[in-house]
Amino acid sequence: MKVLVLGSGGREHALCWKLARSPLCQEVLCAPGNVGIGAVARCVPVAPDDGPAVVALAREEGVGLVVVGPEAPLVAGVADALREAGIPVFGPGRGAARLEESKAFMKDIASEAGVPTAAYASFTDPEAAKAYIRKQGGRLVVKADGLAAGKGVILCDTPDEAVAAVDLMMNDRAFGASGDTVVVEEFLEGEEVSFFVLCDGTRAIPLAGAQDHKAVGDGDTGPNTGGMGAYSPAPVLTPELQQRVMAEIIEPTLATMAARGTPYSGVLFAGLMVSADGPRLLEYNVRFGDPECQVLMMRLDSDLLPALLASAQGDLSGVDLTWSAGTALVVVMAAEGYPGTPRTGTEIRGLERAAATPGVQIFHAGTRPGPDGSIVAAGGRVLGVAAGGSTVAEARERAYEAVDRIDWPEGFCRRDIAWRALER
Ligand code: AMP
Ligand code: GLY
């Protein structure tokens with residue numbers, strides 16, 4: 001069958017790369033894709049959040065499955081438009097995508113489902129939020145309710161900082177309408193892990209865990225980014241802990257979503273804090289993580305296509321996935337200036353030599369074709385240099401060997417990806 005992937009980042013490159021290897025896949029199309037994706041898929045200039053245009057493309061091409069990469073098309077209802085047109089789609093409908101779209105909604109669902117999460121209250125009135133902050137005291141986390149490109153969460157050591165965060169969001173409207181509602185929550189201590197499950201509306205099957213590196217600098221310093229590197233598996237997520245997460249967090253959430261008439265299908269990404277008293281839910285995302293997806297695709301031994309199709313068709317009961325026992329690791333190369341204003345248009349050389357490193361795959365995130373067949377930077381996060389290995393140390397060595405073969409003076413990366421796993 002033909003498969004259409006929506007999106008244009010490193011996550012979508014990894015999805016296209018994996019789907020293209022499926023014996024069931026005749027051709028992968030990607031809308032809009034990027035220059036790296038063009039090596040494994042046919043890129044089509046259609047906007048991924050334009051429902052009617054996506055439906056028209058899928059019909060014209062006789063696509064058998066649409067795989068939605070980012071959250072924006074899901075929140076815009078593109079999966080609903082495809083389902084209404086009778087086209088199988090991997091990803092939740094608008095009602096279920098609210099789990100990522102609204103943090104207050106996510107917290108309400110968690111509370112209704114009895115899922116362990118940070119204590120919280122949500123507010124539309126800044127004065128009420130401030131009164132709550134003064135009453136709670138201590139360290140708190142203030143979150144803009146809506147989508148804010150990963151920037152709408154402020155960790156506050158004192159009530160004064162939390163009050164300032166409320167002013168920033170609600171009075172200065174630093175995140176626009178996303179901050180018109182805020183969630184104030186308990187500050188959780190522990191180690192973070194990303195966990196992914198496939199859902200079909202009622203059932204969930206575990207994929208794997210991964211650990212992301214959100215801060216821009218080595219040693220987790222500097223401002224937060226979309227993610228500077230990841231690896232899987234994450235040793236902190238033991239098999240026992242994973243079972244608890246399924247039983248205490250994922251399954252009650254799916255049951256609650258189904259009972260509300262907005263059953264969840266697609267991939268559910270749980271951001272977890274592993275604390276002394278067990279796993280707690282930090283957030284849900286309704287898509288694969290980026291760059292976590294890149295390492296999951298490197299580690300997945302099974303064919304991805306039948307699993308995504310089973311989710312789209314509402315029956316995961318026959319799906320059984322196998323994963324390599326080794327580790328996959330990805331190092332993100334970003335353009336100077338990121339996560340502020342990245343410098344674009346600079347030429348990247350040595351990609352072929354880097355891709356020839358044993359066990360390495362290079363995923364493009366923000367690239368475009370330059371003059372004379374060259375490749376130039378076109379975004380903040382530009383490349384994901386991924387490697388598999390039998391141990392985390394081996395995967396890391398291979399990934400950095402490939403990074404060092406890339407000639408791009410205007411790019412940078414973290415040099416300490418997977419430090420937690422190595423420290424263990
Ligand atoms: P979120 O977008 O909700 O995952 O928040 C972004 C980051 O803020 C998370 O990855 C955590 O590192 C941190 N964070 C969010 N909520 C909390 C919390 N309640 N306690 C401590 N850290 C948090
Ligand atoms: N890497 C974190 C995310 O995709 O949200």
Practice item. Select from region 255-274 the residues that are part of a helix (DSSP H, G or I) and surrounded by fewer than 24 Cβ atoms within 10 Å (Cβ to Cβ) and write down the one among them that is farthest from ligand 2 (Cβ to nearest atom). Key: A259
Check your understanding: surrounded by fewer than 24 Cβ atoms within 10 Å (Cβ to Cβ) and modelled with pLDDT of 95 or more, is that true of L309?
Key -> yes
Check your understanding: In this structure, is P233 away from ligand 1 (no atom under 15 Å from the Cβ) and in contact with a Phe, Trp or Tyr (Cβ under 9 Å, 6 or more places away or on another chain)?
Key -> yes
Review point. Of the residues that sit in region 275-310 and are part of a strand (DSSP E or B) and within 16 Å of ligand 2 (Cβ to nearest atom), which one is farthest from the chain's Cα centre (by Cα)?
Key: L281
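I need the full set of residues from region 205-218 which are more than 16 Å from ligand 2 (Cβ to nearest atom) and either among the charged types (D, E, K, R) or modelled with pLDDT under 95 (or both), in order please.
Of everything in region 205-218, just one residue is more than 16 Å from ligand 2 (Cβ to nearest atom) and either among the charged types (D, E, K, R) or modelled with pLDDT under 95 (or both), namely D218.
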Review point. When you go through (1) crowded, with 19+ Cβ neighbours inside 10 Å; (2) under 19 Å from the mean Cα position of the chain (by Cα); (3) under 20 Å from A47 (Cα atoms) one by one for I87, which number turns out not to apply?
Key: (2)
Review point. Condition test on A144, is it surrounded by 17 or more Cβ atoms within 10 Å (Cβ to Cβ) and either out of contact with any strand residue (DSSP E or B) (no Cβ under 9 Å at 6 or more places or on another chain) or without any contact (Cβ under 8 Å) to a residue 40 or more places away in the chain (or both)?
Key: no
Study note, to complete from the structure: Here the residues within region 268-292 that are basic (K, R) and more than 16 Å from V75 (Cα to Cα) are R280
Practice item. Starting from region 224-250, keep only residues that are modelled with pLDDT of 95 or more, then list their pairs with residues that are part of a loop (DSSP other than H, G, I, E, B) and more than 15 Å from ligand 1 (Cβ to nearest atom) whose Cβ atoms are within a distance under 6 Å, requiring at least 6 positions of separation or different chains. Key: M228/R414; G229/R414; G229/I417; Y231/A418
Study note, to complete from the structure: For region 144-197 the number of residues that are among the basic types (K, R) and near ligand 1 (Cβ under 10 Å from one of its atoms) is 1
Study note, to complete from the structure: Condition set of a type in the set (G, A, S) and surrounded by fewer than 23 Cβ atoms within 10 Å (Cβ to Cβ), scope region 205-225, selection nearest to ligand 1 (Cβ to nearest atom): answer is A215
Practice item. Considering only residues that are among the basic types (K, R) and assigned to a helix (DSSP H, G or I), look in region 11-28 and name the one that is nearest to ligand 1 (Cβ to nearest atom). Key: R11
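Do you know which residues across region 34-61 are over 22 Å from G77 (Cβ atoms), of a type outside the set (V, I, T) and not in a helix (DSSP H, G or I)?
Hits for region 34-61 are N34, G36, A41, R42, C43.
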Point to revise | Members of region 200-230 that are part of a strand (DSSP E or B) and of a type in the set (D, E) | key: D200, D212
Check your understanding: Out of region 275-294, which residues are surrounded by 20 or more Cβ atoms within 10 Å (Cβ to Cβ) and away from ligand 1 (no atom under 11 Å from the Cβ)?
Key -> P279, V286, R287, F288, D290, P291, E292, C293, Q294
**Study point:** The listed residue being more than 16 Å from ligand 1 (Cβ to nearest atom) and buried (at least 19 other Cβ atoms within 10 Å of the Cβ), out of V319, V330
**Key:** V330
Check your understanding: Listed residues L29, L82; which is farther than 25 Å from Y264 by Cβ and at pLDDT 95 or above?
Key -> L29
Exercise for review: Could you give me the residue pairs with C-beta distances under 6 Å whose first residue belongs to region 101-127 and is in a loop (DSSP other than H, G, I, E, B), whose second residue is within 14 Å of ligand 1 (Cβ to nearest atom) and among the basic types (K, R) wherever it lies, and which are 6+ apart or on separate chains?
Suggested key: P116/R280
Revision key, fill the gap. R134 fails exactly one of (1) within 14 Å of ligand 2 (Cβ to nearest atom); (2) free of Cβ contacts under 8 Å to residues at least 40 places away in the same chain; (3) over 28 Å from V245 (Cα atoms), namely (1)
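The values are calculated or read from the model by the stated rules, or taken from the named source; none is laboratory data. If you're wondering where the values come from, they're calculated on a predicted model, not measured in any experiment. No Cβ is skipped: glycine too gets one built from the backbone with ideal geometry, and neighbour counts run over all protein chains shown.
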